[in-house]
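This report refers to the structure that appears directly beneath it.
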Amino acid sequence: MKGGGIENPVFEPPSPDLGRQCQASPIEVDASVPAAEEGPCGWGRCAPKALQLCNNPEGYLAAYSLLAIFQGIVVNGLINISISTIEKRYELNSSLTGLISASYDIAFCILSLFVSYFGERGHKPRWLAFSAFMLGLGSLIFSLPHFSSGKYQYGAKLEDTCQVPGASSANFTCNASTKSSLPNYLYVFILGQLLLGVGGTPLYTLGTAFIDDSVPKHKSSLYIGIGYAMSLLGPAIGYVLGGQLLNIYIDIQLPERQDTTYTKIDQDDPRWLGAWWIAFVACWFAIWLLIIPFSCFPKHLPGTAKIQAEKISETHNDGSEVLVESKNIGKSFKDFPIALLILLKNPVLMSLIIASSSEALVATGFATFLPKFIENQFGKTSSFSATLGGLVLIPAAALGQIISGILVSKCKLDCKSIIKFMIGTCSVALLLNTVFLFAKCGNEPFAGVSETYNGTGMLYNLTAPCNANCGCLRSTYYPVCGRDEVQYFSPCFAGCSSHLFNNMKKTYHNCSCIGRPKRENDSEDFLFEAVPGKCPTQCRFLPLFLAFFFFTVVFTFMAVTPTTVAILRCVPDKQRSFALGVQSVFLRLLGTIPGPVLFGVAIDNSCTLWDIDECNTKGACWVYDNERMAYLLMGISAACKIITIIFVVMAVYLYKPPPASAALSQKDSEMVHSIST
């Protein structure tokens with residue numbers, strides 16, 4: 001290290017690395033890189049021999065993958081599956097829980113540029129140790145409301161059958177009850193999400209760049225693809241783990257009640273809440289254990305200097321690399337504006353970022369609403385639809401990233417060839433997107449929505465003469481299927497006044513709104529009967545839809561790893577982490593934040609029956625127009641993929657590979673002069 005004071009080692013800039021400068025001639029390894037930066041794996045002088053087995057790219061990739069898996073478990077798995085439980089337990093509406101979900105992206109956007117800028121020249125494994133600390137802390141904070149909000153009081157049983165006139169109407173009038181303090185826990189959940197966002201920022205910027213630092217160029221895509229694929233296991237594990245824990249009562253043990261108006265509840269009761277908090281506590285402990293391996297990695301893995309020296313730059317030839325090297329941009333905070341300007345003026349980088357943001361919008365939209373689409377199109381339960389959605393999205397996305405990583409690695413594609421490869425995968429995904437045109441379903445018969453009650457009542461009105469005196473609640477959606485193969489909003493709206501349990505299965509009887517069965521040979525004993533759940537759908541396109549959609553996701557995610565590799569290649573060596581930080585900001589501002597909002601608006605636009613409670617407050621949508629929903633989602637998806645293809649094609653035509661000679665051309669000199677002045 002040359003003269004001067006000793007800086008904070010986390011932000012200490014490495015010695016100039018000439019290995020990726022624009023030259024094809026042999027490059028001598030920079031001898032000024034301190035040997036300690038490629039030191040052993042350990043803590044100071046404590047460097048056990050056993051740890052050296054992990055002091056290589058494979059060992060780092062294993063630790064990186066574990067952290068990415070746990071980040072996915074908490075952020076994209078547990079939180080998503082726990083949101084509805086948190087809404088009920090803490091009396092929050094969907095707008096407020098949407099704010100909780102967005103808090104992660106807000107923190108990520110704010111910090112991404114600064115973390116990637118300062119961390120580029122710092123000790124990247126220590127930044128990931130900090131990432132593990134913040135992810136664990138955020139997980140712990142997110143679980144704290146359970147321990148301070150007291151025991152869950154689930155109240156009296158709700159009746160779902162037709163009641164004697166006037167017997168229970170007083171219980172369901174609109175009144176302003178005493179204001180609860182439970183909604184104040186919103187701020188604790190937001191704090192937890194903000195901390196998770198802080199922890200996630202270094203992982204996908206500095207963590208990914210460190211992989212690219214440590215392996216040869218032709219292997220980088222394979223390692224990054226494996227790391228990204230492993231991160232997709234997180235949401236899958238989170239959904240499975242969280243779903244199982246929701247089968248456990250929220251306070252573990254059901255309370256013993258002496259009051260006869262309170263009855264023990266089971267998982268079929270709408271008042272049931274599961275133990276959403278257990279997995280967050282477990283993840284807090286597991287994530288903090290990962291601080292240990294990341295804190296023992298050296299600043300650079302052994303052999304990094306040699307690997308960097310053998311690499312030849314593929315930076316877009318606009319003079320930016322010469323400017324960064326000659327001015328040593330990025331060494332101090334005062335260089336931040338010009339460093340950002342250099343990246344924003346790189347047309348190849350910005351084209352790739354816009355293309356990836358467009359794809360992210362579609363990916364996050366479907367990740368959020370694919371279960372709802374399956375549930376409504378094909379008449380499946382919400383839990384089964386969520387399982388199907390996970391079985392399609394997670395394996396397909398992981399397979400796509402691994403396949404593309406292997407292909408780019410084995411074929412040793414250069415930057416321009418990688419971008420052309422992306423055009424092919426996006427085009428195939430666009431063609432497969434047409435599955436929404438021929439694998440859609442019509443609407444099943446629904447009393448009061450798509451058809452009348454045996455010729456009485458009106459469309460889009462759940463109340464008819466046969467249930468007018470039942471005092472039914474539109475806020476209690478509990479669909480039943482009548483013997484006439486028509487779906488009813490609830491047993492109450494079907495006019496059912498009694499229920500029985502036959503072989504542990506609940507059936508409803510004395511249903512005044514249900515007509516005669518379509519099969520004339522049915523016994524008279526079952527003329528007025530309904531069973532819980534939606535009627536079996538007559539649509540048989542679900543296997544076809546899932547098959548086509550699986551390959552659509554595969555080809556969509558085959559562009560993710562190549563996009564990351566192309567971004568790392570087309571920018572100056574010392575700006576790679578910063579470029580990933582810029583991409584992360586745009587991904588969230590243009591993709592992951594507006595994606596679920598846009599898809600949600602489209603789905604709401606296809607609603608035919610809204611939940612309107614006794615206070616005339618509009619809530620969730622109960623019934624959708626299936627064809628309209630399919631066309632709207634296909635339109636959004638196709639438009640985004642066309643935008644992606646346009647900008648990837650632009651990136652191919654705008655990309656200019658560096659010259660074979662390292663000599664500074666007149667054009668480069670003018671570029672340096674124009675930007676620096």
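The values are calculated or read from the model by the stated rules, or taken from the named source; none is laboratory data. Quantities reported herein were computed from a predicted structural model and do not represent experimental measurements. When we count neighbours, we look across all protein chains shown, and the Cβ atoms used for this are built from the backbone with ideal geometry, even at glycine. Surface accessibility is based on the protein's heavy atoms, side chains included, excluding ligands, DNA and RNA. Shrake-Rupley method; radii C 1.70, N 1.55, O 1.52, S 1.80 Å.
Worth a mention:
- Solvent-accessible area, 1.4 Å probe, carbon plus sulfur percent, for segment 403-506: 59
- Projected label points at Lys506 and Ala62, each 7 Å from Cα along the beta carbon direction, are separated by 5.0 nanometres.
- Under 12 Å, Cβ to Cβ, from Ser409 - net charge with Lys/Arg +1 and Asp/Glu -1: +4
- Protection proxy ranking, highest mean first, for peptides 572-585, 345-358: 572-585, 345-358, where packing is the per-residue count of other beta-carbon atoms within 10 Å, averaged.
- Relative contact order of segment 414-523, taken over Cα pairs closer than 8 Å and 6 or more residues apart, is 19 percent.
- In this structure segment 347-496 gives 37 Å² per residue of accessible area when probed at 1.4 Å with all protein chains present.
- Glu120 accessible area, 1.4 Å probe, all protein chains in place, Å² to nearest 10: 20
- Interchain or long-range residues, amide H under 5 Å from His499's placed H: His509
- Distance violations [Cα-Cα > 28 Å] among Lys219/Lys656; Lys124/Lys334; Lys49/Lys124; Lys219/Lys420; Lys345/Lys416; Lys410/Lys440: Lys410/Lys440
- Highest-first arrangement of 129-137, 83-91, where packing means the average Cβ count within 10 Å: 129-137, 83-91
- In a fully extended conformation the segment linking Tyr152 and Ile292 would gain 46.7 nm over its present Cα-Cα distance, using 0.36 nm per residue.
- Remark: spin-label model distance Tyr460-Leu53 equals 6.9 nm, labels positioned 7 Å along the Cα→Cβ axis.
- Here the spin labels are modelled as points 7 Å beyond Cα on the Cα-Cβ line, and at Phe384 and Lys420 they lie 4.8 nm apart.
- Ser65, Ser181, ranked by accessible area, largest first (probe 1.4 Å): Ser181, Ser65
- Length gained when the stretch Arg45-Arg540 is fully extended (0.36 nm per residue, less Cα-Cα span): 171.6 nm
- Length released on extending from Phe438 to Cys411, taking residue separation times 0.36 nm less the Cα-Cα span: 6.1 nm
- Label-reachable residues, segment 531-548, where backbone N falls under 20 Å from a point 7 Å from Ala638's Cα toward its Cβ: 544-548
- Within segment 548-579: backbone nitrogen closer than 16 Å to the Ile338 label point (7 Å, Cα to C-beta): 572, 574-575
- Per-residue HN-Hα couplings for segment 342-349 [Karplus 6.51, -1.76, 1.60; θ = phi - 60°; Hz; x = Gly/Pro]: 4, 5, 5, 8, 7, x, 5, 4
- Shown in residue order for segment 245-251 are the 3J(HN,Hα) couplings computed by the Karplus curve 6.51 cos²θ - 1.76 cosθ + 1.60 at θ = phi - 60°: 5, 6, 7, 8, 4, 4, 9 Hz (x for Gly and Pro).
- Environment charge of Gly390, counting only residues whose C-beta is closer than 15 Å and scoring Lys/Arg +1, Asp/Glu -1: +1
- 13 Å beta-carbon shell around Cys539, net charge (K/R +1, D/E -1): +1
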